[in-house]
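Novice: One structure is given below, represented as structure tokens, and several questions about it will come after.
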Amino acid sequence: MALAPATTPPEIRVYASFPRTVALGPDKLNLDPGPESSNWRWVHCLTIPLVTLSALQFSKRPLKWIRYAIGVVIGAEGDLSFSPDSESHSPVDYQVGSLPSESMSLYYHVGGEERRLRMFPLGPTTTRRTSVTSSSSGVTTRRARFREEVGERDGYTCVVSGLPGFACDAVHLVPHSKGDKYISMYTRHRSRDTTGGDVIENINSVRNGLFLNKITHSSLGTRVAFLPTPNFAMSTTDIDSTAPPTEKRCTAHVFELGAQGLLGLTIPSGSPLRISETEATTSPECQWPPDVLFDLVYANAVLYHFGTPELTQELNSEGWKDILCPDGILTGADHNYDSDLGSRTCTSTDGRATGTRPDRLDMIMALPYILVPPDELRAVLREKEERAEEVERRRVRERVGDWMEGIVDDDSEPPPPTLSPPLTPSRENEEEDRGA
């Protein structure tokens, strides 16, 4: 008897559109050098098994969760639709609480202004790591200070489980190895705060840290991530029907079915983090992490579990290697810390990186360029850098010219000489007597 053909379990396929080519405009990248219909193409980004999504129970409104998940992966706010037509699509009904019984495809539409501001703010060269050149003693001192400051803010107990300090680590949300440049560029271009309050310049900022138990730390960004609400796609009521929609909350989600104890002892997935109440009493540098950092960690976990092979294969090709992270160096400690990011970096005994490929955080920054040929993108970025250098040279010449003009103006009208007053007769006699 012939066996019945195997059937694929029902799944949700999520697509986002990216350009095939980009050009350098007067002050930014031109994303539409040709007709949009020919330049933009839909890419299969996420595959989410229906049985998995149903079992994880991340939200009472699963389509809202999918909207958030794809939004933080590509870095822009948009809408899901059943239609790929960019002109006539309509958003899905986000209030639906049940999942379909059959496979379906969803298309994530992002508006033009959101594309320009969020998806393509700068070239992927900004994902390069800063080389590690500090001495081991300096790194140890900074790590110790980081632990002390994060622990003080969070009360020296795990913000998920409440476990005491001896069982906890002070964890960088953006790993220490990514460096100041990565966290600065990422937060600047994902910022939603008009005052820049969610921009972080220092990788060791307290706002890049959480006090977590060691088990949760080891799973962060892969099997565990934290969902901040409210966000552009979800209210807190979508997570907890008893909570006010605008209540500020950060919810711990376990992405691996059947995994027990990843949040510490008996803490279940869906539990809220204890947000440290320091906003009004401490400086901004010591406050709770901004949502953009939780978004990054969540996007990392989404890609780890639901990212399609097409994305990984494309961005791991040799052509992308020197664009994404050519000068990254990880110490042994950093390699252990980043082992779950998917990076593969070897460091020789003299500190040189002998081999590297992008990790998922690099992919998140570079994803919008996935369809652009690497050689073409490299040429555009080179031209962009040359223009920036020329602007800087022109600025320096103007400053030097202004300075020189100031010197010439000062020397053109010398001050008149100081003349002694004429001597009176009485003073003449005094001078003669003094001379005698």
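Novice: Can you confirm whether the stretch 227-243 contains a residue that is open to solvent by less than 30 Å² (accessible area, probe 1.4 Å), on the phi < 0 side of the Ramachandran plot and under 14 Å from the mean Cα position of the chain (by Cα)?
Specialist: No: zero hits.
Novice: Condition check: within 24 Å of Leu220 (Cα to Cα), modelled with pLDDT of 75 or more and surrounded by fewer than 19 Cβ atoms within 10 Å (Cβ to Cβ). Does Thr331 satisfy that? Explain how you work it out, then say what you get.
Specialist: Values: within 24 Å of Leu220 (Cα to Cα): yes; modelled with pLDDT of 75 or more: no; surrounded by fewer than 19 Cβ atoms within 10 Å (Cβ to Cβ): yes.
For Thr331, the condition - within 24 Å of Leu220 (Cα to Cα), modelled with pLDDT of 75 or more and surrounded by fewer than 19 Cβ atoms within 10 Å (Cβ to Cβ) - is not met.
Novice: Give the residue, chosen from Ala55, Ala69, that is open to solvent by 30 Å² or more (accessible area, probe 1.4 Å) and assigned to a helix (DSSP H, G or I). Spell out the reasoning first.
Specialist: Working: Ala69 fails: open to solvent by 30 Å² or more (accessible area, probe 1.4 Å).
After applying the criteria, what remains is Ala55.
Novice: Moving on. Against the condition more than 29 Å from Leu293 (Cα to Cα) and without any contact (Cβ under 8 Å) to a residue 60 or more places away in the chain, how does Glu376 come out, does it pass?
Specialist: Working: more than 29 Å from Leu293 (Cα to Cα): yes; without any contact (Cβ under 8 Å) to a residue 60 or more places away in the chain: no.
So Glu376 does not fit the description; no.
Novice: Here is a further query. Give the number of residues within the stretch 91-103 that are farther than 17 Å from Glu11 by Cβ and surrounded by 13 or more Cβ atoms within 10 Å (Cβ to Cβ).
Specialist: Selection size over the stretch 91-103: 2.
Novice: Then there is this: Do you know which of the residues in the stretch 146-179 that are charged (D, E, K, R) and in contact with a His (Cβ under 9 Å, 6 or more places away or on another chain) is farthest from Leu273 (Cα to Cα)? Let's see the steps before the verdict.
Specialist: Step one: of the stretch 146-179, the residues charged (D, E, K, R) are 147-149, 152-154, 169, 178.
Those left that are additionally in contact with a His (Cβ under 9 Å, 6 or more places away or on another chain): 169, 178.
On the way: Asp169: 16, Lys178: 25 Å.
Going through the qualifying residues, I end up with Lys178.
Novice: Which count do you get for residues in the stretch 153-187 that are free of Cβ contacts under 8 Å to residues at least 12 places away in the same chain and either out of contact with any Ser or Thr (no Cβ under 8 Å at 6 or more places or on another chain) or not in a strand (DSSP E or B) (or both)? Don't jump to the end; show me each part of the working.
Specialist: The initial filter retains those residues of the stretch 153-187 that are free of Cβ contacts under 8 Å to residues at least 12 places away in the same chain, namely 164, 166.
With the extra rule that they be either out of contact with any Ser or Thr (no Cβ under 8 Å at 6 or more places or on another chain) or not in a strand (DSSP E or B) (or both), the set shrinks to 166.
Total meeting the criteria: 1.
Novice: Determine whether Gly179 is among the small types (Gly, Ala, Ser) and open to solvent by less than 30 Å² (accessible area, probe 1.4 Å). First the steps, then the outcome.
Specialist: Values: among the small types (Gly, Ala, Ser): yes; open to solvent by less than 30 Å² (accessible area, probe 1.4 Å): yes.
Yes; evaluated as a whole, the condition is true for this residue.
Novice: Here is a check on your reading of the model: is Thr194 closer than 18 Å to Lys64 by Cα, of a type in the set (Ser, Thr, Tyr) and open to solvent by 10 Å² or more (accessible area, probe 1.4 Å)? Outline the logic, then answer.
Specialist: Working: closer than 18 Å to Lys64 by Cα: no; of a type in the set (Ser, Thr, Tyr): yes; open to solvent by 10 Å² or more (accessible area, probe 1.4 Å): yes.
Taking the combined requirement at face value, the residue does not satisfy it.
Novice: Name the one entry in Thr216, Thr229 that is of a type in the set (Val, Ile, Thr), closer than 19 Å to Ala252 by Cβ and in contact (Cβ under 8 Å) with a residue 24 or more places away in the chain.
Specialist: Working: Thr229 fails: in contact (Cβ under 8 Å) with a residue 24 or more places away in the chain.
The unique qualifying residue is Thr216.
Novice: Among the residues of the stretch 198-214, are any more than 30 Å from Arg116 (Cβ to Cβ), open to solvent by 10 Å² or more (accessible area, probe 1.4 Å) and under 20 Å from the mean Cα position of the chain (by Cα)? Talk me through it step by step, then tell me what you get.
Specialist: Of the stretch 198-214, the ones more than 30 Å from Arg116 (Cβ to Cβ) are 204, 206, 209-214.
Those left that are additionally open to solvent by 10 Å² or more (accessible area, probe 1.4 Å): 204, 214.
Next, only the ones that are under 20 Å from the mean Cα position of the chain (by Cα) stay: 204.
Yes, the stretch 198-214 contains at least one residue that is more than 30 Å from Arg116 (Cβ to Cβ), open to solvent by 10 Å² or more (accessible area, probe 1.4 Å) and under 20 Å from the mean Cα position of the chain (by Cα).
Novice: Say whether the condition of being modelled with pLDDT of 80 or more and part of a strand (DSSP E or B) is met by at least one residue in the stretch 23-37.
Specialist: From the stretch 23-37, those modelled with pLDDT of 80 or more are none; that's our starting set.
Within the stretch 23-37 (the criterion being modelled with pLDDT of 80 or more and part of a strand (DSSP E or B)), the answer is no, since none of the residues qualifies.
Novice: Report yes if Ala144 is open to solvent by 40 Å² or more (accessible area, probe 1.4 Å) and of a type in the set (Gly, Ala, Ser), otherwise no. Spell out the reasoning first.
Specialist: Numbers: open to solvent by 40 Å² or more (accessible area, probe 1.4 Å): yes; of a type in the set (Gly, Ala, Ser): yes.
Yes: the conditions hold for Ala144.
Novice: Determine which single condition Ser88 fails, assuming it passes every other condition in (1) of a type in the set (Ser, Thr, Tyr); (2) open to solvent by less than 40 Å² (accessible area, probe 1.4 Å); (3) modelled with pLDDT under 90.
Specialist: If we test Ser88 against (1) of a type in the set (Ser, Thr, Tyr); (2) open to solvent by less than 40 Å² (accessible area, probe 1.4 Å); (3) modelled with pLDDT under 90, just (2) comes out false.
Novice: Report the residue count in the stretch 215-226 for those that are surrounded by fewer than 22 Cβ atoms within 10 Å (Cβ to Cβ) and either assigned to a loop (DSSP other than H, G, I, E, B) or of a type in the set (D, E, K, R) (or both). Before the answer, list the steps.
Specialist: Going through the stretch 215-226, the residues surrounded by fewer than 22 Cβ atoms within 10 Å (Cβ to Cβ) turn out to be 215, 217-219, 222-223.
If we keep only those that are either assigned to a loop (DSSP other than H, G, I, E, B) or of a type in the set (D, E, K, R) (or both) too, we end up with 222-223.
Count: 2.
Novice: If I ask for residues that are acidic (Asp, Glu) and out of contact with any strand residue (DSSP E or B) (no Cβ under 6 Å at 6 or more places or on another chain), which ones from the stretch 58-112 would you list?
Specialist: The initial filter retains those residues of the stretch 58-112 that are acidic (Asp, Glu), namely 77, 79, 85, 87, 93, 102.
Once the filter is applied, which keeps residues that are acidic (Asp, Glu) and out of contact with any strand residue (DSSP E or B) (no Cβ under 6 Å at 6 or more places or on another chain), the stretch 58-112 yields Glu77, Asp85, Glu87, Asp93, Glu102.
The values are calculated or read from the model by the stated rules, or taken from the named source; none is laboratory data. Keep in mind it's a predicted model, so treat the numbers as computed, not measured. Cβ coordinates were reconstructed from backbone atoms using ideal geometry, including for glycine residues, and neighbour counts include every protein chain displayed. We work out accessible area using only protein heavy atoms, side chains counted, and drop any ligands, DNA or RNA first. Shrake-Rupley method; radii C 1.70, N 1.55, O 1.52, S 1.80 Å.
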